[in-house]
Amino acid sequence: MDGGKGKGKCMDGEKGKGNAWMRSKGRGKYADGIRREGDMGEVRFQARMYVSLLKMTMKGILEYRADFWISLVSVVLLNGANIVQISVISWRFHALGNWGVGDLLVLYGMFMICWSIFSVFFRKLSKIEDEIVSGSFDIYLLRPVSPFLQLVGGDINYTGLCDTMMGAALLAVGLRMAGVQWGIGHILWFAVFILSGGTIVVCIRFLISCVTFWTTRGSALSSVFTQIYLLIQKYPVTIFGRAFRVLVTGIVPVAYLNFYPAVYLLGKPDAPAWLCMLSPVAALALVCLSAIVWRGGLRHYHSGGG
Amino acid sequence: MISVKKLTKTYRIARPQEGRFAALRSLVRPQYTVCRAVDGIDFDIQDGEVVGYIGQNGAGKSTTIKMLSGILVPDSGSVEVDGLTPHVDRKAHLQNIGVVFGQKTSLWWDVPVIDSLRILKEMYRIGEGQFRKNLEMFCGLLDLDSFLGQPVRQLSLGQRVRADLAAALMHDPQILFLDEPTIGVDVVAKERLREFILEINRERKVTVLLTTHDMVDMEKLVDRVIVINAGSILYDGGIQGLRERYGRQRRMELEFEGEPPEISLPGVQAGKQKDGKFVVTFAQGQYAVDEILSHIRQGGVPIRDITIQNADIEQIVRDIYREGGRE
């Protein structure tokens, strides 16, 4: 939840800037009842709107009551299946070099938790193309609320919580097997890693979707990422070549979803601690890039039909 | 209120490529067809006007409306609405305008109409008093009461457009953009929508710009018409002036007691239509009705019935399009 909201605010920083510019330029121009607040007020307003939008979405889901209950039951069943899956996974994982089974479970668990932040709160990002084609995107641009928040606020995938729980379970089992004792510092860094990792997944998916502002059809990019994700979720990136390591650290920093957090939290010698601690920096860089691309995308937006 | 100068918008449409590695090539070096949707148009709209914006599909109507509402960024030229540039001062601009697309709803599909109105109240920061007052007024004028509690997906098209109109006006905008608001709506519902639009124009002095293909909309709603074709403005002026300038053709329908007579006047077209009506068309200034009639009487066949019409707006617009197409 927090990851979701934090991200929303970050993305909206971009909108906020546009607003500040407008305010300074047009001061006193429209005294006709438009309430003008400070940037903090604006952030609070947008956050409140995001919550209201999610409520609307939940209401919409609850309109189909039967569907909702069936999904809820399926979540419970899926969780049961997950417990079986966890035991299968831990049985199938074999130690890889200096990475024991417990370590690999931590790797897998971290990945799942970060991924679930995307899948629960930001799934709509992979549908930008449909929104553009159907014309719904026009409607977002007609309301005085960040179009980004309107987009992501239009979907909440509660079944994705299943992934969160499974990730947490894998993590717990893995940490136990690895026999790691956590101090307060570990817990704080764990929170930072989850937030940064979630942000990185969301931003990457967002950037891929933004390509549709320029090309009419979505690209094969997302399947490339699916392949990369399949590799990093199960294997420590040290077993791959140097080029791959550079790619997933410096260019598309997906190694910050699970590899670097696991290295740090488990005290592995695979990477220096400072490199692991760059996680929020990588996330922030992606947020900035996303904001720039989003802004360019809106300028380039062609709308559908008409 | 609204001022548009040399406004241009070009679309680049990616052209599908053929041959080997087509998908790859279109990704690496895409080829585009350039399409000028709006090509240097100018117009001004004053406070309280109701302006009809007409043109064929693809003429650039929706593109203009989308630039005026800040959805699209113009390539060049300027748009100013109430002193603001729509795509730059987006948030302030959106407080001034209401937009309804007849083709798609701006309401939440799966929740009751009233919930959509409530979240819009939050978005536009509408005060409780203003919200109550407007809701009451629109319920009265648009008969919303009967379906306020129903989700939008269950509404008829007419009801949906009414709900959309109410939603677009809750924040008391001074300008209303309507993109084909009456499309697909039945005759009775259309009449009600028109009355409502006139009412809010009269009572609230809301400036209205609407696109439509419905000529009855034009005749009943609009003071002024802007005709656009292939991205350029062909006509901008009163509806009467449009008739005078293009409505030169008059049309006479006749029924005879026997075989219709031969008519041979220069510039007059006469003949039997497929539906059996005998139709004579002639230019307004060239002949008086009496001249035509006395010529017909010379044939000696008694006339059973006669109707004379001015060219209707639809005919006029068709003529303008044809003229525009020739250029």
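The values are calculated or read from the model by the stated rules, or taken from the named source; none is laboratory data. The structure displayed is predicted, hence computed values, not measured ones. Don't worry about glycine lacking a Cβ; one is built from the backbone with ideal geometry, like all the others, and counts go over all protein chains shown.
Annotations
- With respect to the conditions (1) crowded, with 16+ Cβ neighbours inside 10 Å; (2) within 14 Å of chain B (Cβ to nearest Cβ), A:Cys162 falls short on a single one, namely (2).
Okay, residues lined up against (1) in a helix (DSSP H, G or I); (2) β-branched (Val, Ile, Thr); (3) out of contact with any Asp or Glu (no Cβ under 8 Å at 6 or more places or on another chain):
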site: A:Leu195; (1), (2), (3): yes, no, no
site: A:Ile200; (1), (2), (3): yes, yes, yes
site: A:Ile208; (1), (2), (3): yes, yes, yes
site: A:Ser222; (1), (2), (3): yes, no, yes
site: A:Val287; (1), (2), (3): yes, yes, yes
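- Test: residue in segment B:267-288 that is among the charged types (D, E, K, R), touching a residue at least 12 places away in the same chain (Cβ under 8 Å) and in a helix (DSSP H, G or I): no
- Yes/no for A:Phe122 being within 20 Å of A:Ile61 (Cβ to Cβ), of a type outside the set (Lys, Arg) and touching a Phe, Trp or Tyr at 6+ places or on another chain (Cβ under 9 Å): yes
- Within segment A:89-135, the set of residues being of a type in the set (Asp, Glu) and under 30 Å from B:Thr105 (Cβ atoms) comprises A:Glu129, A:Asp130, A:Glu131.
- Selection from segment B:182-218 of residues that are under 11 Å from the mean Cα position of the chain (by Cα), surrounded by fewer than 17 Cβ atoms within 10 Å (Cβ to Cβ) and not aliphatic (A, V, I, L, M): B:His213
- Going through (1) over 30 Å from A:Gly100 (Cα atoms); (2) out of contact with any helix residue (DSSP H, G or I) (no Cβ under 9 Å at 6 or more places or on another chain); (3) not polar (S, T, N, Q) one by one, A:Leu188 falls short only on (1).
- Any hit, segment B:232-239, residues being over 21 Å from B:Leu7 (Cβ atoms) and hydroxyl-bearing (Ser, Thr, Tyr): no
- Top-ranked residue of segment B:110-159 - restricted to ones that are within 23 Å of B:Asp186 (Cα to Cα) and among the β-branched types (Val, Ile, Thr), ranked as surrounded by the most Cβ atoms within 10 Å (Cβ to Cβ): B:Val113
- Of the residues screened, B:Leu148 is not one that is in contact (Cβ under 8 Å) with a residue 40 or more places away in the chain and either in the same structural domain as B:Leu198 (by TED's automatic domain parsing) or in contact with a Leu (Cβ under 9 Å, 6 or more places away or on another chain) (or both).
- Of the set (1) closer than 30 Å to B:Asp164 by Cβ; (2) touching a helix residue (DSSP H, G or I) at 6+ places or on another chain (Cβ under 7 Å), all apply to A:Ile139 but (2).
- Of all residues in segment B:115-152, those satisfying the criterion of being more than 18 Å from B:Val100 (Cβ to Cβ) and within 14 Å of another protein chain (Cβ to nearest Cβ) are B:Asp115, B:Arg118, B:Glu122, B:Arg125, B:Gly127, B:Gly129, B:Gln130, B:Phe131, B:Gly149, B:Gln150, B:Pro151.
- Qualifying positions in segment A:118-156 - at pLDDT below 90 and either assigned to a helix (DSSP H, G or I) or away from chain B (no Cβ under 14 Å) (or both): A:Ser126, A:Lys127, A:Ile128, A:Glu129, A:Asp130, A:Glu131, A:Ile132, A:Val133, A:Ser134, A:Ser136
- Some residue of segment B:232-244 being farther than 30 Å from B:Asp39 by Cβ and outside any loop (DSSP other than H, G, I, E, B): no
- Enumeration of residues in segment B:47-62 that are touching a Gly at 6+ places or on another chain (Cβ under 8 Å) and more than 16 Å from B:Leu176 (Cα to Cα): B:Ala59, B:Gly60
- Residues that are within 10 Å of chain B (Cβ to nearest Cβ), within 16 Å of B:Trp109 (Cα to Cα) and either assigned to a helix (DSSP H, G or I) or in contact (Cβ under 8 Å) with a residue 40 or more places away in the chain (or both) within segment A:47-67 comprise A:Ser52, A:Leu53, A:Lys55, A:Met56, A:Thr57, A:Met58, A:Lys59, A:Gly60, A:Ile61, A:Leu62, A:Glu63, listed in sequence order.
- Segment A:203-235 - residue that is of a type in the set (Val, Ile, Thr) and closer than 28 Å to A:Trp99 by Cα and, of those, surrounded by the most Cβ atoms within 10 Å (Cβ to Cβ): A:Ile204
- Checklist (1) in a helix (DSSP H, G or I); (2) modelled with pLDDT of 85 or more applied to B:Asp319, failing item: (2)
- Answer residue from segment A:173-185, given it is in contact with a helix residue (DSSP H, G or I) (Cβ under 8 Å, 6 or more places away or on another chain) and not β-branched (Val, Ile, Thr) and is surrounded by the most Cβ atoms within 10 Å (Cβ to Cβ) among those: A:Gly174
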